[in-house]
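In what follows, a structure is listed as structure tokens, so that the remarks can point back to it.
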Amino acid sequence: MTTDRQTLVDWIDADRERLIDFLQAFIRAKSPNPPGDTRQAVEHITNFLDQEGLEHEVVAPQAEMPNIVAAFGDPVRAKGQDDPNGGRHLVLNGHIDVFPVGEGHGWTADPWGGEIRDGKIFGRGACDMKCGTTASIFTYAYLHRLKDRLKGRLTLTCVSDEETFGPWGARWLIANRPDVHGDAMLNGEPGSPYNIRFGEKGPLWLRFNVRSRGVHGAYAHLSEGAVKTSMALIGELMALEDIEAKPSHNIARAIDEARDYLNLAMGEGASDVIPKVTVNIGTIEGGLKVNMIPDHCSFEADIRLPLGVEKETIMAEVIKIVGDRTDVEFEEINFTPPNWCDPYDDLAETISAVAKELKDIDTMPIVSLGTTDARLWRALGIPAFNYGPFAHGMGGADEHVEIEEFLHIVKTHTLVAYDFLMATG
Ligand SMILES: [Zn+2]
């Protein structure tokens, strides 16, 4: 290791108790969303930044859901320019809000206590994602101490309003603050230290309403009935699963190389589902009584788009299937595009190399089924990766993170940010 890199590792080792204390207190600073009031947790972060003498802005388009933005370093050279003094702009992003706890059923620890037991820190947000956000904050603080020697620019964004995909967090910053776009983004959402997430499938939800003539159940010659029409229509919609994804060569290679890993992590068959359009009929309602031919039926389809399939392709097919029937109407009720970046991008390779160096971990680039704020950067064509701890109890009872894993995430993020900025990109 170069001197700087060893210094960074030494600082983290020396800060072990401080890091643990920070995460415990971060968990105690409740920030469930809904309702999404994150001010107490934001204050915890700004207190730390103040102690470290780090300038920062609190950006609050919605008063109860503030975001924190801090940055140092030179304005970045234009991409592709060969400027020896120039550097790249890395953005560290993490969310502050967490899932709610409800009545706390099933918890053996106080969900807001930050209790340590068996080498683990328990509490809502322990893995999703106050561990990862702590890694971003400390990475920023450590690299700031080396700012005179670092090339490029480092930006920290701690955001609210992620858990409900609300408009006041990263979405607001991306739309209103081009200074947080950067050349690449690193985020510590949970997954596992064994994978680097470079993409996410996208959900497209459609609601169908089918009407027909309602008559007595014996008068089958007068009406087919809305439920039967819906059943036939659903059968036809399943053909959407045959739409072929056309991912780029790199994406196809990464998905193929991760097959065994995905089946192990998400159950046998996961590797077949990741690159494929899937159609789930999530709800269906119709009919009033067994001996009546129903005049109405409605159902909702959750169509998951893999990388390399456009919404327009799906919609064109749905319009074709519905054809000129006047008894069927449908509407879009939700859509998030599938998103990805190059799984072998320089930042991903840097994460992979550092994980190998620190813990001899062979990382795997993967596509996730869930959604994170990384999608917002990827939508702009900016490489954005998630590297975080295991998702123990995420969204459920006894959420926790192992202390050693937490420290590994902090070290990895810190060295990755250092290496990324020091390399000539
Ligand atoms: Zn999260």
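The values are calculated or read from the model by the stated rules, or taken from the named source; none is laboratory data. Just so you know, these numbers come straight off a predicted model, no measurement behind them. Note that we place each Cβ from the backbone using ideal geometry, even for glycine, and neighbour counts take in every protein chain shown.
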(request) For the range 23-45, enumerate the residues that are under 23 Å from the mean Cα position of the chain (by Cα), part of a helix (DSSP H, G or I) and of a type in the set (A, V, I, L, M, F, W, C). (result) Leu23, Phe26, Ile27, Ala41, Val42, Ile45
(request) Of all residues in the range 54-101, count the ones that are of a type in the set (Gly, Ala, Ser), loosely packed, with under 13 Cβ neighbours inside 10 Å and at pLDDT 95 or above. (result) 1
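Please go through the range 372-425 and pick out each residue that is polar (S, T, N, Q), more than 14 Å from the ligand (Cβ to nearest atom) and within 24 Å of Ala126 (Cβ to Cβ). Spell out the reasoning first.
Step one: of the range 372-425, the residues polar (S, T, N, Q) are 372, 386, 412, 414, 424.
Imposing the further condition that a residue be more than 14 Å from the ligand (Cβ to nearest atom) reduces the set to 412, 414, 424.
The answer is Thr412, Thr414.
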(message) Name the residue that is nearest to Arg378 (Cα to Cα), counting only residues in the range 174-192 that are within 16 Å of the ligand (Cβ to nearest atom) and of a type outside the set (D, E, K, R).
(response) Met185
(message) Here is a list: Ser230, Ser248, Ser192. Which entry is touching a Gly at 6+ places or on another chain (Cβ under 9 Å) and modelled with pLDDT of 95 or more?
(response) Ser230
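Only one residue in Val210, Val227 is more than 16 Å from the ligand (Cβ to nearest atom) and in contact with a helix residue (DSSP H, G or I) (Cβ under 6 Å, 6 or more places away or on another chain). Which one?
Details: Val227 fails: in contact with a helix residue (DSSP H, G or I) (Cβ under 6 Å, 6 or more places away or on another chain).
Residue meeting the stated conditions: Val210.
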(message) Condition first: within 16 Å of the ligand (Cβ to nearest atom), at pLDDT 95 or above and under 22 Å from Val416 (Cα atoms). Can you find one or more residues in the range 136-151 that meet it?
(response) yes
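For the range 206-236, which positions are aromatic (Phe, Trp, Tyr) and surrounded by 17 or more Cβ atoms within 10 Å (Cβ to Cβ)?
Going residue by residue through the range 206-236, those that are aromatic (Phe, Trp, Tyr) are 208, 219.
Of everything in the range 206-236, just one residue is aromatic (Phe, Trp, Tyr) and surrounded by 17 or more Cβ atoms within 10 Å (Cβ to Cβ), namely Phe208.
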(request) Note down all Cβ pairs under 6 Å where the first residue falls in the range 177-199 and is farther than 14 Å from Ser136 by Cα and basic (Lys, Arg), the second is at pLDDT 95 or above and crowded, with 20+ Cβ neighbours inside 10 Å, and they're at least six residues apart or on different chains. (result) Arg197/Asn386
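Using the structure shown, decide if Ile116 is in the same structural domain as His89 (by TED's automatic domain parsing), closer than 19 Å to Gln40 by Cβ, aliphatic (A, V, I, L, M) and in contact (Cβ under 8 Å) with a residue 24 or more places away in the chain. If you could, list the steps in order and put the result at the bottom.
Details: in the same structural domain as His89 (by TED's automatic domain parsing): yes; closer than 19 Å to Gln40 by Cβ: no; aliphatic (A, V, I, L, M): yes; in contact (Cβ under 8 Å) with a residue 24 or more places away in the chain: yes.
So Ile116 does not fit the description; no.
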(request) Identify, from the list Pro275, Pro203, the residue that is surrounded by 15 or more Cβ atoms within 10 Å (Cβ to Cβ), part of a loop (DSSP other than H, G, I, E, B) and not acidic (Asp, Glu). (result) Pro275
(message) For the range 108-127, give me each residue that is under 18 Å from Leu19 (Cβ atoms) and within 16 Å of the ligand (Cβ to nearest atom).
(response) Gly123, Gly125, Ala126, Cys127
